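The structure appears right after this line, and notes come after that.
Coordinate-derived values only; no laboratory data. Remember, predicted model here, so these are calculated numbers, not experimental data. Heads up, the Cβs are rebuilt from the backbone with ideal geometry, glycines too, and the neighbour counts pull from every protein chain shown.
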Amino acid sequence: MPVISVPQAFNEDDLYVDLEGIFGKSLFLKCEGFNFAGSIKLKAATEMVEAAERDGLLTPDSVLVESSSGNLGVALSMIAASKGYQFLCVTDSRCNLSTRMMIEALGGQVHIITEPDPAGGFLGARIDHVRALCASDDRYVWLNQYTNPSNGMAHYRRTAPAIARQFPDLDVLFVGAGTTGTLMGCARYFREWHRPVRIVAVDSVGSVTFGGAAGRRMIPGLGTSRRPPLLDESYVDDVVCVAEADTIRACHQLARRGFVFGGSTGTVVSGAMDWLARQEGRELTAVAIAPDLGERYLETIYQTNWVQDLYGEDALRPQTLATASQAA
């Protein structure tokens, strides 16, 4: 099993970084950002497009349309370009500029929603816009990552089995919760596995996914303003909610040791370290999924003025992760 201390070229299903030397607790971070789309979303995008083709939903004139905070939009724009489809991504003002530029570089269009829906937030407004597009022209094909079973199936077939092969003694898996496709696909796989694995979902403070109060969220990726239809909480053993300031601290702490990861990874690492710190010295084989790398966050999470303006000076000060997050 390749476990490395510096990034290098590899098959993303095989690379894990042990964070014990950084945070003092063993946690193997499964790095998913080393592919042409730059994130784990390439798996879901591929599975959803191929399923739509098998079902006869796509024709040469089809225009793929999807609501995305960023990474799925990049993955779909890459697949659309390779297959000859047009692609339109509906995102909102929190989407990173470099992500929007990447989608456009790949030939996709971007519609940016600037005002949240009073009840459904930015997600609700994005979905309403997608529905209006589909109603206006039958060439639009909405894959709908929020309800599409192929979203979770991608991780049931690929992500979870890859972890199982490398960690036959796995005790706990930490997965960030966005659409919950990754979470549900992995949880269902390990529910059927030969030994029990504790599934810990990591969410953002301000997300309503697990019943929390809605609040401001400025870092794209995890969390949602409406309960994900794919979520089945019976597959989830624990939930940890992480404040965005703690996401930023985790990202900066990783970067100071040579690893520039995205916001979702910072959230998952912060939540995992908080959970592990409460296990009273138990020796556990723990894995966390890192959805992407950090280059698309250089103008936000890694930009001092952006952090200070939104979260204050304290977000740039190191803090023990075990006391930074809060359990849901």
(request) Within the set of other residues whose C-beta is less than 15 Å from the C-beta of L97, count the net charge using Lys and Arg as +1 and Asp and Glu as -1. (result) -1
(message) Report the per residue volume, in Å³, of the convex hull enclosing the C-alpha atoms of region 29-118.
(response) 120 Å³
(message) Net charge around L27, counting only other residues with Cβ within less than 12 Å of its Cβ (Lys, Arg = +1; Asp, Glu = -1)?
(response) -2
(request) Would you mind getting the Kirkwood hydrodynamic radius of region 221-280 from its Cα pairs, rounded to one decimal in Å? (result) 12.9 Å
(request) Compute the signed sum of charges (Lys and Arg +1, Asp and Glu -1) over the other residues within less than 11 Å, Cβ to Cβ, of A154. (result) +2
(request) Calculate one ³J(HN,Hα) per residue across region 192-204 by plugging θ = phi - 60° into the Karplus curve 6.51 cos²θ - 1.76 cosθ + 1.60, and present them in order as whole Hz with x for glycine and proline. (result) 8, 6, 6, 9, x, 10, 7, 9, 10, 8, 10, 10, 9
(request) Take the alpha-carbon centre of region 246-317, take the same for region 156-177, and report the distance between them in whole Å. (result) 21 Å
(message) Please list, in order, the residues from region 134-158 whose amide nitrogen is less than 15 Å from a point placed 7 Å along the Cα→Cβ vector of Q109.
(response) 134-142
(request) Could you tell me the largest-minus-smallest coordinate of the C-alpha atoms of region 180-328 on each of the three principal axes, in descending order and whole angstroms? (result) 48, 36, 26
(request) Would you calculate a helix-derived [θ] at 222 nm for the chain, using -39,500 (n - 2.57) for each DSSP H run of n ≥ 4 and dividing by the full residue count, to the nearest 500? (result) -10500 deg cm²/dmol
(message) Can you tell me which lysines have their Cα less than 16 Å from the Cα of K30? Leave out same-chain residues fewer than eight positions away.
(response) K41, K43
(request) Express in % the proportion of alpha carbon pairs of the chain at distances exceeding 34 Å. (result) 18 percent
(message) Sorting check: for 261-272, 76-87, which peptide has the highest mean count of neighbouring beta carbons within 10 Å, and how do the rest follow?
(response) 261-272, 76-87
(request) Please give the peptides 278-290, 60-72 ranked by average Cβ packing (other Cβ atoms within 10 Å per residue), highest first, as a rough proxy for protection. (result) 60-72, 278-290
(request) Could you work out which residue, out of T179, T209, T304, moves most in a Gaussian network model of the chain, that is, has the largest mean-square fluctuation with Cα springs under 10 Å? (result) T304
